[in-house]
Amino acid sequence: MIRNTRSAYGIVAITLHWTIATLIIGMLGFGLYMVTLPIFEPATYSLYQLHKSIGFVVLALVALRILWKITSITPDLPTEMPGWEKLAAHLGHISLYALMLIMPLTGWLLVSSSPLGLPSVFFNLFEIPHLPTPEFLGQKADVSAFFTAVHGWAAYAFIAVILAHVGAALKHYFISKDKVLQRMLSSKA
Ligand code: HEM
Ligand code: HEM
């Protein structure tokens with residue numbers, strides 16, 4: 001089944017969920033490791049280029065996912081779930097979507113406004129242009145520092161929300177014993 005139904009996720013939503021989840025969890029670890037390396041080393045520069053290239057892939061996949069989401073139906077949560085849990089799930093998913101966009105966009109904005117002016121070369125193939133960056137935040141260096149701080153803090157917020165999300169999925173499986181986790185694993189659940 002390709003598309004979602006009222007009770008199940010389709011193969012497109014499931015594939016996008018797990019591909020993006022794997023890339024983002026990897027990128028959070030990669031980013032935190034990468035910033036501990038000595039700067040201005042050729043090997044560090046290559047790792048930054050790789051981080052940026054994977055980040056652009058994530059941005060494209062997230063755009064596709066949001067398009068798919070708004071043109072599809074979302075399966076209903078189990079009717080026995082209390083209202084506050086449904087609200088928490090809804091708010092959690094909105095935060096996840098917001099963070100999926102904030103991470104790559106602030107990454108792109110921070111390199112676009114960096115006084116270093118380094119290019120972003122997509123997997124050594126072609127250069128991705130810098131975004132125009134807002135002037136109202138101050139000098140170029142301040143603008144870049146602002147987006148660098150947001151990129152860093154959003155990463156920690158993302159880790160916290162992912163942990164809560166995984167905790168909720170495990171609660172559905174082990175405590176509520178409903179099909180919420182299984183239906184994100186298979187479109188036949
Ligand atoms: C899924 C998307 C992304 C994730 C999860 C992610 C994650 C991270 C994390 C965790 C850090 C370390 C933050 C810190 O401790 O200061 C980081 C740093 C960085 N990221 Fe990303 N990133 C993403 C996308 C991007 C993109 C698209 C770009 C640029 C085009 C980018 C450029 C950078 C740069 C330049 C740094 C180093 C910032 C510094 O100097 O402190 N990131 N990223
Ligand atoms: C970076 C990591 C992750 C992100 C960004 C993420 C994001 C999301 C989002 C936005 C949804 C809502 C889908 C929709 O209806 O539009 C969702 C659903 C779901 N996620 Fe994740 N997820 C991540 C990791 C995980 C992991 C590791 C698990 C498993 C332990 C998981 C289990 C689930 C389940 C079971 C659902 C279905 C909830 C339902 O049926 O309403 N997710 N995820």
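Tabulated data for the structure shown
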| quantity | calculated |
| --- | --- |
| For the chain: accessible area per residue (Å², 1.4 Å) | 60 Å² |
| Convex hull of Cα atoms in the chain, direction-averaged projection (nm²) | 12.6 nm² |
| Ranking by accessible area, most exposed first, for LYS86, LYS179, LYS188 with a 1.4 Å probe | LYS188, LYS179, LYS86 |
| Exposure rule at most 10 other beta-carbon atoms within 10 Å, DSSP loop chymotrypsin sites (Phe, Trp or Tyr not before Pro): the chain longest free segment | 41-135 |
| Set of lysines with alpha-carbon distance to LYS177 below 28 Å, sequence-local pairs under 8 removed | LYS69, LYS86, LYS188 |
| Value of [θ]222 nm, deg cm²/dmol, for the chain, DSSP H segments ≥ 4, -39500 (n - 2.57) each, nearest 500 | -22000 deg cm²/dmol |
| Residue of GLY29, GLY92, GLY83 that the Gaussian network model of the chain assigns the largest fluctuation, springs spanning Cα pairs under 10 Å | GLY83 |
| Solvent-accessible ranking of ILE54, ILE2, ILE102, ILE20, largest area first, probe 1.4 Å | ILE2, ILE102, ILE54, ILE20 |
| Cα-based Rg of region 42-93 normalised by 2.2 N^0.38 Å, two decimals | 1.83 |
| 19 Å Cα-Cα reach of LYS52 towards aspartates and glutamates, excluding residues that sit fewer than 8 places from it in its own chain | GLU41, GLU127 |
| Probe 1.4 Å - accessible area at ARG3, Å² to nearest ten | 110 Å² |
| Selected from VAL121, VAL35, VAL111 as most flexible by GNM, with the chain as the system and alpha-carbon contacts under 10 Å | VAL35 |
| Carbon and sulfur %, accessible surface of region 11-184 computed with the full protein complex present, 1.4 Å | 76 percent |
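The values are calculated or read from the model by the stated rules, or taken from the named source; none is laboratory data. Being a predicted model, the structure only gives us computed values, none of them experimental. A quick note on method: Cβ atoms are made from the backbone with ideal geometry, for glycine too, and the neighbour counts reach across all protein chains shown. Note: accessible area is taken over every heavy atom of the protein model, side chains too, but ligands, DNA and RNA are not part of it. Shrake-Rupley method; radii C 1.70, N 1.55, O 1.52, S 1.80 Å.
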